[in-house]
Amino acid sequence: MLLPPGTIRRKEAYVALTTSGEFGRASRLSPKALRLYDELGLLSPAEVDPVTGYRRYAPGQLEQARLVAWLRRLGMPLARIQSVSSMPRIEAAADLAAYWRQVEAEMSARRDLATFLVGYLSGRGTSMSENNEQLVIRCGVRSDIGLQREVNEDSAYAGARLLAVADGMGGHAAGEVASAAVIDALRPLDTEIPAGELLDALDHAVRTAGSTLRHMAASDASLADMGTTLTALVVSGSQLGLVHIGDSRAYLLRDGGLYQITHDHTVVQSLLDDGKITPAEVASHPQRSLILRALVANKEYDADLRLREVEGGDRYLLCSDGLHEVADADGIAAVLRTVADPDQAAQDLIALAIAGGGPDNITCIVADVQAAPVPSTSLQGDAD
Ligand SMILES: [Mn+2]
């Protein structure tokens with residue numbers, strides 16, 4: 001084929017520098033994107049026509065342009081693209097791998113959060129664990145009216161992930177209403193919550209519980225003085241979120257040692273903390289039943305929120321003051337150490353409080369944390 005004179009020169013010029021339209025098609029970048037990358041210094045044209053302002057690109061820039069386009073499709077932020085695309089290839093590869101690990105970690109955390117929210121909003125628990133092993137809770141829960149009260153104003157909840165004890169107060173059964181309402185407000189937490197969201201979720205639930213009480217009291221004057229303690233824990237992976245307000249308690253039995261892991265919000269406890277009374281004086285102190293903080297209808301108090309490590313073999317006890325007002329730590333520890341079955345242990349603790357006179361309602365949850373294999377997502381029927 002004969003070419004008119006000048007064609008080869010033009011062809012060479014065409015190959016040497018392409019228009020931004022052609023370059024954009026070859027690199028899969030829109031003219032708008034090319035302009036943006038020029039402005040950001042990601043991909044500067046080889047030549048800008050001083051008269052028309054048209055951009056022209058060199059063929060050698062195609063590789064760079066494709067890389068930029070790929071990194072954009074990957075979702076990499078522009079600033080990072082700028083640094084990656086100017087690196088030698090090996091370094092760029094390493095940086096890209098590091099970037100992707102970070103994306104996957106963030107995605108995994110978001111997936112866990114989304115899974116939790118689906119379970120939380122639907123009221124149905126969901127499972128998001130991909131570990132081969134997770135901690136499961138086996139528990140026993142018992143509540144008893146005691147020997148001297150006419151109603152049981154304690155409420156409790158013991159599920160797969162959530163344990164909660166609430167000791168209501170307020171007279172004329174209002175305490176019962178308060179403790180039940182607060183336990184209800186916490187119930188949605190009985191699902192797998194990402195460990196990073198535990199404290200937020202507990203904080204949200206306890207604030208919701210408090211505002212529920214205030215709303216109920218606003219529409220029913222007989223509930224104006226109601227209130228309740230709350231001691232609750234939620235387990236997620238190897239983490240435990242603990243929320244606590246009032247004088248119910250949580251204890252941990254680990255390696256044979258019993259530890260009280262909540263701090264009473266009572267007058268006598270603060271007198272003890274300040275060294276104004278001795279432990280021996282607590283039992284006979286006239287103000288020993290006075291609580292400094294609780295979830296109440298007429299005021300807002302802050303609850304304690306804590307995150308703790310959980311270990312397989314841990315045994316937790318949540319109880320209302322009906323137990324620890326009459327049974328000392330040694331008596332409680334003796335039951336927890338020797339009675340293997342959690343339900344039997346809860347029963348024996350109630351019996352201990354009754355034997356001590358049972359002046360108050362008594363509620364106990366005994367929960368054993370055990371390492372257990374995660375069941376496969378779809379269980380086969382066992383009919384055949
Ligand atoms: Mn009580």
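The table below gives the values:
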| read-out | value |
| --- | --- |
| Under-5 Å amide H pairs with R28, H placed in peptide plane, nonlocal only | none |
| Fewest-first ranking of M216, M87, using other Cβ atoms within 10 Å as the exposure measure | M87, M216 |
| Neighbour net charge for E39 - beta-carbon separation under 13 angstrom, K R +1, D E -1 | +2 |
| Two-decimal ratio, the chain, of alpha-carbon radius of gyration to 2.2 N^0.38 Å | 1.55 |
| Computed lengthening from A372 to T208, 0.36 nm per intervening residue step minus Cα-Cα distance | 55.8 nm |
| Degrees separating the helix 7-16 axis from the principal Cα axis of the chain, which is the longest one | 20 |
| T266 long-range amide H proximity, modeled H, under 5 Å | L292 |
| C-alpha long axis of helix 329-338 to longest principal axis of the chain, angle in ° | 70 |
| Principal-axis tilt of helix 61-73 within the chain, Cα atoms, nearest 10 degrees | 20 |
| Label-point separation, D273 to T52 (7 Å along Cα→Cβ), nm | 7.8 |
| Efficiency of FRET from Cβ geometry, A173 and D328, R₀ 45 Å, rounded to 0.05 | 0.90 |
| Backbone HN-Hα couplings from phi across the range 178-195 [Karplus 6.51/-1.76/1.60, Hz, Gly and Pro as x] | 5, 5, 5, 5, 5, 4, 4, 5, 8, 3, x, 7, 7, 8, 6, 10, x, 3 |
| Cβ-defined net charge surrounding E192, 11 Å radius [Lys, Arg +1; Asp, Glu -1] | -2 |
| Residue order, fewest to most beta carbons within 10 Å, for L352, L240, L40, L258 | L40, L258, L352, L240 |
| Two-site FRET efficiency, A79 against L307, from Cβ-Cβ distance with R₀ of 41 Å, rounded to 0.05 | 0.75 |
| Under 10 Å, Cβ to Cβ, from D302 - net charge with Lys/Arg +1 and Asp/Glu -1 | -1 |
| With 5 Å bins from 0: P(r) over the range 7-86, alpha-carbon pairs, percent | 3, 15, 27, 25, 15, 8, 4, 2, 0 |
| Cβ-based exposure ranking for D328, D167, in which fewest neighbours within 10 Å come first | D328, D167 |
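Taken together, the values in this text are just the output of simple stated rules run on the coordinates, not laboratory data. Note that the structure is predicted; figures quoted are calculated from it, not measured. Note: ideal-geometry Cβ built from the backbone for every residue, glycine included; neighbour counts use all protein chains shown.
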